[in-house]
Structure formats: structure tokens, C-alpha cells
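These notes are about the structure you will find just below.
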Amino acid sequence: MLDYGRLCGVKLHIFCFAVIFFIVIFSVSFIFNLSLHSVAFETERNLQVLDTYEPRQPLKAISRTELLPATEEGNTEAYREDHGHLVSPLNVSAEERIAWFKKNLSEFKILYSTRFTRQFDARVREFFGHKCRVRIRFFMTWISPAWSFEHREFLAMESLFKANPHGCLVILSRTLDSVAGNRILKPLLNLGFKAMAVSPDLPFLLENTPAKSWLDDLKSGNKDPGEIPLAQNLSNLIRLAVLYKYGGVYMDTDFIVLKDFSGLRNSIGAQSTDESGNWTRLNNAALVFDRKHPLLYMFLEEFASTFNGNRWGHNGPYLVSRVVKRAATTQKFKFTVLPPMAFYPVSWTKIAGFFSRPPDRKLSNWVEAKLHQLNRATYGVHLWNSHSSRVEIEEGSMVDRLIWEHCIICNPMYRS
């Protein structure tokens, strides 16, 4: 016979198990949905945070179509353009290098005008004409991918506007002239500072200058580009050409700017001097010149006539040194050679020391005295990025102190 008591007990256990199972499933589902809402909220909050400057974020994840500015045609890949792989082969003859260059010439898009780059002059004049009529004109160049414009490059802009809040900055760059580049500039634009990235039109910039023939020879395969990456020498050339066309201040992107530039005119900085105080080498990392200044014309002339792509610095610091040395004895136009303290208060051989925390009281006192000297006599500290980009900025170091005294947004990532 059936034991109804036992049967009812079994049914009760089954029912209880089903109820418990249902409660567990419901709880897990509720918690999972709650987590999703939490993640969505955090994602939205983090996206708002990323709207501030975070250049190390993976810009490559942005879609191609999103990166194309509404006014731009034919520049869809410019933001990720990288001339780093376009380096002439080493240990080959000049003829072999020229053959390689001619084969890869179409990859050097910066050498050519497009319908978009032909807007360069109109865009620059509109920017200066309507927004920056009585402001100092600053220029920088960036011939690298947009994603590689990181914290220290942003610091150069930040410190520039901290010392020159009424200045206007134009960055000549195909890669930053994009939605990705605009996101990098946005924190400064939101604060009311005037900055713009614009794709340079190299043929236009070199028109009616001695360097036009150099460009024509290069594109026709009659000029050896040399072993040094061409982008480096193009940066040397573009800074001269843009100052010749418009006048203003050119600065590399590895400066911490300390002072107002409004008192400077037709000036170049000495990198080193001898025991008597006479300059021994100049540098082109910072240039301040009026439009069509004769010395700029001589720089362009020297670039075209003595170009050597195999010797580092030949078309940059050594070029301006050669020309100024000649001009000082043969020309009567006015210009000023500023002492090293103006832009190069520390040499590239000693720059790493500026990144180190002082280990004792004696060196701490030296840092304090040096900071006082820099803030009084230096327009900008050149960080020699090619030698210091991988050096960690230690808390309390000279560079660390300069950053926090001359930043605006003051991103903690500057120490990384």
C-alpha cells in the first residue's frame, strides 16, 4: 500500500526545492541586471572623464568614418599617418636611396597639395584674422600619428597658454587635423584658449622661396633624401617656411614655457657659449621672427643649397648656426641671439638630472635657487625629448616642480 504520509513529505520537499531554486534564479538575474546598470553608469561617467585630456587612450579604436572631419575630403587616414616606417635603407649608395625614394614617393603625402590642404592659407588667415587679430602667433609642427601626441606634448601647449593666455597656436599637422586631434585640443578650447591644428600645404608654403627648387628636385628624384627620416628634415623646413609666410613664434613640442613672449622680436637662442660668453652653437627649437625677415630667407636658401639628409642636425641647429655666423659679419638687418638661459638652460647631456629628485638638503636648496633663476630669466625650458622621453619624472625634481608651477589642467599622468 501507498504510504500517503511519506508521499506528501516527498511532494513537500520537491515543492520547497522548486521554490528555493526559483528564488536563487531570480536573485542572480536581479543582481546581474543591477550590475549591468552599474557598469553602464560607470561607462557613461568614465566617458565624461575621458572628455578631459587622456591622450594615452587607444585612439586607434575609433572608426575611420568618425575620424573624418565634416569639411575634409581625402584625409581619412591622415590621423594615423606615420612616416616612421618610411626610412631610407641604411648602408646603400645615394643612387639606391633615390631609387627607393622614387618607388615610395606616393607614400609621402605631405609633399603634395590636395583639395583639402589647399585650404591651408585661408584657414590660417581666418583663424588669425577673426580670432587672433592682436594676439601672439605661435606655431608648432607634428609629423607623427595623432595617438603619439601624449602628455608631455600637451604640457607644451598647456604651459604656453599659462604664460601667454592671449596667444594663438597653430599646429601644422595632417594627423592632428582630425576628430582625434580635436579631442586632444578640446580641454584647452573649452577653457577659451585659441588653438587649431591644420594640414600644411608644403608646395604653397615653399612657393616664392628658395626651398621650392629643393622640393621640386626631391619629388622628381634628383635629390638624395638621406638616411635620416625625412619627416625630421621636413619639420626643420616647415618651421622656417611658416614663419617666413606669417611671422610669429615657432616652438618644438618638448618645451615647458615659463614666460610671456610679447617682448621678443626677431630672436634665436644660443644652445652653448664659450668661456667668453660668445655663442658656439644656435638651435632652431625656438624661433621668433617677423614675416619675411631676411634671416628666414637666408635659412631657406641655406636649406635648399646645402641639404644633407645623412648628417643629423645639418639642416637644423647647424644650419641656423652657419647662417647667423655669416650674417653677423655681412648683413645689416637686426636680430638678437639670446643666451642659452633663454631656451636651453640645460644641455641635452645633463637633462636627465632635471628629472631626478634631489637626494639631500644641499641639492634641494640648489633646486630652489635654480627654479628662481629659471622663472626670472628663461622663456622656456627645452626638455630634449629625444634624450629624455623615457626618463621618469620623479616627484620633487626640477621638471616636476616646473610642471606643477606652469600647468593649467595639471594631469597627474605628467609624472609617467
**Those strands (runs of 3 or more DSSP E) lying entirely in the stretch 208-287 with at least 1 residues under 20 Å from the mean Cα position of the chain (by Cα) and of a type in the set (A, V, I, L, M)** = 248-251, 255-257
**Message:** What pairs come out if I take residues in the stretch 351-371 that are closer than 14 Å to L402 by Cα and pair them with residues that are basic (K, R) and surrounded by 11 or more Cβ atoms within 10 Å (Cβ to Cβ) whose C-beta lies under 6 Å away, six or more apart or interchain?
**Reply:** L371/R401
**Asked** Yes or no: L319 out of contact with any Pro (no Cβ under 9 Å at 6 or more places or on another chain), surrounded by fewer than 19 Cβ atoms within 10 Å (Cβ to Cβ) and not basic (K, R)?
**Response** no
**Request:** May I ask you to say which residue of T280, T273 is hydroxyl-bearing (S, T, Y), touching an Asp or Glu at 6+ places or on another chain (Cβ under 7 Å) and assigned by TED's automatic domain parsing to the domain that holds N236?
**Result:** T280
**Item:** Positions within the stretch 333-356 being farther than 21 Å from S276 by Cβ and in the same structural domain as V320 (by TED's automatic domain parsing), in sequence order
**Value:** F333, K334
**Item:** Residue match in the stretch 201-217 (condition: of a type in the set (S, T, N, Q), assigned by TED's automatic domain parsing to the domain that holds E95 and surrounded by fewer than 18 Cβ atoms within 10 Å (Cβ to Cβ))
**Value:** yes
**Prompt:** All but one of (1) part of a loop (DSSP other than H, G, I, E, B); (2) under 20 Å from W214 (Cα atoms); (3) modelled with pLDDT of 90 or more hold for V87; which doesn't?
**Reply:** (3)
**Message:** Consider the stretch 291-314. How many of its residues are under 24 Å from the mean Cα position of the chain (by Cα), part of a loop (DSSP other than H, G, I, E, B) and under 25 Å from R125 (Cα atoms)?
**Reply:** 1
**Prompt:** Hey, among L169, L155, L111, which residue is surrounded by fewer than 20 Cβ atoms within 10 Å (Cβ to Cβ) and among the aliphatic types (A, V, I, L, M)?
**Reply:** L111
**Prompt:** Looking at (1) over 11 Å from the mean Cα position of the chain (by Cα); (2) in contact (Cβ under 8 Å) with a residue 12 or more places away in the chain, which is the only condition A122 fails?
**Reply:** (2)
**Asked** For residues in the stretch 236-274 being of a type in the set (S, T, Y) and touching a Leu at 6+ places or on another chain (Cβ under 6 Å), which is surrounded by the most Cβ atoms within 10 Å (Cβ to Cβ)?
**Response** Y244
**Asked** So is G277 crowded, with 17+ Cβ neighbours inside 10 Å and either in contact (Cβ under 8 Å) with a residue 12 or more places away in the chain or at positive phi (or both) or not?
**Response** no
**Prompt:** So which of A304, A327 is assigned by TED's automatic domain parsing to the domain that holds L258, touching a Pro at 6+ places or on another chain (Cβ under 6 Å) and buried (at least 16 other Cβ atoms within 10 Å of the Cβ)?
**Reply:** A304
**Asked** What are the residues in the stretch 197-206 that are within 12 Å of I238 (Cα to Cα) and either without any contact (Cβ under 8 Å) to a residue 24 or more places away in the chain or among the small types (G, A, S) (or both), if any?
**Response** S199
**Message:** So the check is Cβ under 7 Å with 6+ separation or different chains; which pairs have a first residue in the stretch 223-244 that's at pLDDT 95 or above and a second one that's hydroxyl-bearing (S, T, Y) and in a helix (DSSP H, G or I)?
**Reply:** Y244/Y297
**Prompt:** Which ones in the stretch 145-172 are in contact with a helix residue (DSSP H, G or I) (Cβ under 7 Å, 6 or more places away or on another chain) and not in a helix (DSSP H, G or I)?
**Reply:** P145, F149, G167, C168, L169, V170, L172
**Prompt:** Of all the residues that make up the stretch 172-182, how many are within 21 Å of L234 (Cα to Cα) and either surrounded by fewer than 20 Cβ atoms within 10 Å (Cβ to Cβ) or in contact with a strand residue (DSSP E or B) (Cβ under 6 Å, 6 or more places away or on another chain) (or both)?
**Reply:** 5
**Asked** For S397, are the conditions met, namely being outside the structural domain of A163 (by TED's automatic domain parsing) and either out of contact with any Lys or Arg (no Cβ under 6 Å at 6 or more places or on another chain) or surrounded by fewer than 20 Cβ atoms within 10 Å (Cβ to Cβ) (or both)?
**Response** no
**Complete:** If you go through W384, W348, the only one that is within 21 Å of the chain's Cα centre (by Cα), at positive phi and surrounded by 14 or more Cβ atoms within 10 Å (Cβ to Cβ) is W384
**Message:** I need a count of the residues in the stretch 325-348 that are more than 22 Å from V381 (Cβ to Cβ) and among the β-branched types (V, I, T).
**Reply:** 2
**Asked** Quick check: anything in the stretch 114-124 within 30 Å of K194 (Cβ to Cβ) and either among the hydroxyl-bearing types (S, T, Y) or modelled with pLDDT under 90 (or both)?
**Response** yes
**Item:** Answer residue from the stretch 183-207, given it is touching a strand residue (DSSP E or B) at 6+ places or on another chain (Cβ under 9 Å) and part of a helix (DSSP H, G or I) and is farthest from I408 (Cα to Cα) among those
**Value:** L205
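The values are calculated or read from the model by the stated rules, or taken from the named source; none is laboratory data. Keep in mind that this is a model prediction, so the values were computed, not measured. We place every Cβ from the backbone using ideal geometry, glycine too, and count neighbours over all the protein chains shown.
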